[in-house]
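Structure first, then comments.
The values are calculated or read from the model by the stated rules, or taken from the named source; none is laboratory data. Worth saying up front: this structure is predicted, and the values here are computed from it rather than measured. All Cβ positions, even for glycine, are placed from backbone atoms using ideal geometry, and neighbour counts span all protein chains on display. Just so you know, the surface numbers come from the protein's heavy atoms only, side chains and all, with ligands and any DNA or RNA stripped out. Shrake-Rupley method; radii C 1.70, N 1.55, O 1.52, S 1.80 Å.
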Amino acid sequence: MNYSELSSAIQTYTENNFPTITLADSSTVSSTAQINRFIQQAEQRIYNTVQFPSLRKNVTGTITSSNKYLSCPEDFLAPYSLAVYPYGGGDYIFLLNKDVNFIREAYPGPTSTGTPKYYALFGPTVSSGAISNELSFILGPTPDATYSAELHYYYYPESITTASTTWLGDNFDTVLLYGSLVEAYTFMKGEADLIQLYDAKYKEALGLAKRLGDGMERQDAYRSGQYRQAVT
């Protein structure tokens with residue numbers, strides 16, 4: 001199901017074309033903007049409930065000598081793994097995820113250098129005295145040389161409202177449709193029995209999606225720390 005089909009289905013199911021709304025400040029919200037909001041809210045709920053492989057991304061970067069901080073990508077939400085290896089090539093060393101207190105206690109001074117073993121989500125970076133929206137990692141110990149790094153992380157893929165087609169729309173359109181209908185009927189203050197019906201259909205589709213994303217696609221996952229649902 002692409003964006004055009006999804007938008008049309010929402011209007012058909014709700015029997016509402018969501019005409020343009022005029023707000024108190026005289027600004028307007030178009031039909032397209034309203035429908036896009038329902039879809040994006042549904043996508044966010046789904047992506048925070050099921051960990052599909054399509055939500056994974058990996059990037060490579062460089063860790064500089066004597067700098068214990070590493071900037072996160074702008075679309076970073078949560079880490080899966082962080083590995084370092086000698087600059088120019090070599091064996092991967094996967095770092096253990098700890099908290100900032102642990103790293104500060106274990107390596108209290110910047111002169112505690114070596115090959116990084118641990119990392120923690122430190123917080124927003126500061127540029128020219130201003131706090132940015134970009135997060136950063138702190139490493140322990142402080143790198144004693146320049147290393148290459150590879151980060152696997154969780155992010156929100158581009159919404160179907162702008163991409164037109166997405167993995168979710170192509171492979172699990174039922175959960176996206178019913179999730180959008182729940183948002184649309186909530187906005188419409190629709191009849192309680194219809195909201196309950198679409199919510200039940202959404203949860204049914206979500207259960208099947210979890211069986212795929214958190215079950216079948218994780219049966220042979222190496223790290224047991226990742227959520228894994230039993231599949232029968």
Summing -39500 (n - 2.57) over every DSSP H run of at least 4 in the chain, dividing by its residue total and rounding to the nearest 500, the 222 nm mean residue ellipticity is -10500 deg cm²/dmol
Picking from S164, S26, S66, which is most flexible by a Gaussian network model of the chain using Cα springs under 10 Å?
-> S26
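Evaluate E = 1/(1 + (r/R0)^6) for V100 and L77, where r is the Cβ-Cβ distance and R0 equals 22 Å; express this FRET efficiency to the nearest 0.05. It would help to have the intermediate numbers written out before the result.
Numbers: r = 18 Å, r/R0 = 0.83.
Rounded to the nearest 0.05, the efficiency is 0.75.
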Under the Karplus curve 6.51 cos²θ - 1.76 cosθ + 1.60, θ = phi - 60°, whole-Hz ³J(HN,Hα) for the range 83-95, x wherever Gly or Pro sits = 10, 10, 8, x, 4, x, x, x, 6, 6, 10, 7, 7
Charged-residue dipole, Cβ positions (Lys, Arg, Asp, Glu), the chain about Cα centre, Debye nearest 20 | 640 debye
State the answer as a single residue: which of F52, G190, T166 lies farthest towards the positive end of the charge dipole of the chain, with beta carbon charges of +1 for Lys and Arg and -1 for Asp and Glu, about the Cα centre.
-> F52
Spacing of the two label points (7 Å from each Cα toward its C-beta) at A163 and A24, in nm | 3.7 nm
Say we join alpha carbon atoms closer than 10 Å with springs in a Gaussian network model of the chain; which of P53, P108, P116 then has the biggest fluctuation?
-> P108
Relative to the chain, whose Cα atoms define the longest principal axis, helix 31-47 and its Cα axis are tilted in degrees, nearest 10, by 50 degrees
What shape does the range 21-167 have by the C-alpha gyration tensor, where a ≥ b ≥ c are the square roots of the eigenvalues, rounded means a/c under 1.5, and otherwise prolate means a/b greater than b/c and oblate the rest?
-> prolate
Theoretical gain in end-to-end length, D170 to K203 [0.36 nm per residue, Cα-Cα removed] = 10.0 nm
At 7 Å along the Cα-to-beta-carbon direction for both N133 and T64, put a label point, then send me their distance in nm to one decimal.
-> 2.5 nm
Rounded to the nearest 10 Å², the accessible area of K203 at probe 1.4 Å | 130 Å²
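Using only alpha carbon pairs under 8 Å that are at least six residues apart, calculate the relative contact order of the chain and give it in whole percent. Each step should come with its number before you reach the end.
Numbers: 372 pairs, mean separation 61.7, N = 232.
That works out to 27 percent.
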State the extension gain, in nm to one decimal, for the chain segment bounded by T113 and S54, taking 0.36 nm per residue of separation less the distance between their alpha-carbons.
-> 17.6 nm
Measuring from label point to label point, each 7 Å out along Cα→Cβ, what is the T186 to N17 span in nm?
-> 2.7 nm
Express in Å², to the nearest 10, the accessible area of D170 obtained by rolling a 1.4 Å probe over the protein heavy atoms while all chains stay in place.
-> 100 Å²
